1. Amide H neighbours of Ala88 under 5 Å, at least 5 residues apart or on other chains, H built in the peptide plane: list them.
2. When the Debye formula is applied to the Cα atoms of segment 25-110, each taken as the same point scatterer, what base-10 log of I(q)/I(0) results at q = 0.17, 0.25 Å⁻¹?
3. Which whole-Hz ³J(HN,Hα) couplings does segment 79-84 yield from phi under the Karplus relation 6.51 cos²θ - 1.76 cosθ + 1.60, θ = phi - 60°, glycine and proline marked x?
4. On full extension of the chain, what length is gained from Trp228 through Ile148, given 0.36 nm per residue of separation minus the C-alpha to C-alpha distance?
5. Please give the contour-minus-distance gain from Asn67 to Glu219: 0.36 nm per residue of separation, less the Cα-Cα distance, rounded to one decimal in nm.
6. Could you give the length gained by full extension between Arg175 and Ala202, i.e. 0.36 nm per residue of separation minus their alpha carbon distance, to one decimal place?
7. Would you mind computing, in nm to one decimal, how far apart the modelled labels at Lys212 and Ala188 are, each placed 7 Å from Cα along Cα→Cβ?
8. If you plug each phi of segment 128-141 into the Karplus form 6.51 cos²θ - 1.76 cosθ + 1.60 with θ = phi - 60°, what whole-Hz ³J(HN,Hα) values come out, in order, with x for Gly and Pro?
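Each value in this text was obtained by applying a stated rule to the coordinates, not by laboratory testing. None of the values given here were measured: they were computed from a predicted structure. Cβ: placed from backbone, ideal geometry, glycine included. Neighbour counts: every protein chain shown.
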Amino acid sequence: MIAMAFALAVASDAKPVRSVDLYVTPLYSSAAKASKRVVRVDPDLDPLLRSDRTEDVLAAQERVRANPAKVSPLALMVLAARLYDVGARDESVFWFYVAKDRFMAMAGVLSGYDRPGMFAEGGEARAAMGAFVQLAGPTINGYAFCKIDNQQALRRKAYDWVAANPYQPIFDTARPAKGEDRQALLDAALARLREDMAKETAYLADAENRAKLIAGRKENGADTRFCW
């Protein structure tokens, strides 16, 4: 059962935020040392993502790139968090967006992922994904929007990766789907993601909106916490 997730960092702290501090039991618990860090998202990736060594976390990223088909959105979320921890923050932003898009693409095809729930596999995964987005998002996006044009480039790159690397379980006939034509369902889900991305791009392209965002970040201290 997915328990309540908690953020450990205080948002109002003006110090630079150098790690994504959260836990989503029983999947992930951040910690300063590997001996206390909990990672239970992928047997092949867990040891690398649990490690204190930057090279191990980067190796996990390369393993995902080499064999992307079966890596779950939740594993990608933990990869994003750990990449931020080791200072690979552009990569963190990229995989954070990949994780969200891959999950939404999956939820558009497979049954059971539309609502958070405590007792169904899809509902638990939805609850866990929501917890990661809610708790890791402010830190990862806090950095991402230091440079809006860079954020937009990473956002597009993430979508392109998801579209080019379909999640294999989507086509597993042992998993119930929302219709018979899984490819058509996937295409529709990707179209919705493109539409959402286009709306964000249009919003951020507006000079007034961009100015408000920049001013708001300065006022709330986001630049001090994340743009270092």
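1. none
2. -0.63, -1.32
3. These are the phi-based 3J(HN,Hα) values: 4, 4, 5, 5, 5, 4 Hz.
4. Working: separation 80, 0.36 × 80 = 28.80 nm, distance 1.51 nm.
My answer for the length gained is 27.3 nm.
5. Numbers: separation 152, 0.36 × 152 = 54.72 nm, distance 4.26 nm.
This chain segment gains 50.5 nm when fully extended.
6. Numbers: separation 27, 0.36 × 27 = 9.72 nm, distance 3.67 nm.
So the extension gain works out to 6.1 nm.
7. Each label point lies 7 Å from its Cα, and together they span 3.3 nm.
8. Couplings: 5, 4, x, 5, 4, 4, 5, 9, 8, x, x, 6, 5, 6 Hz.
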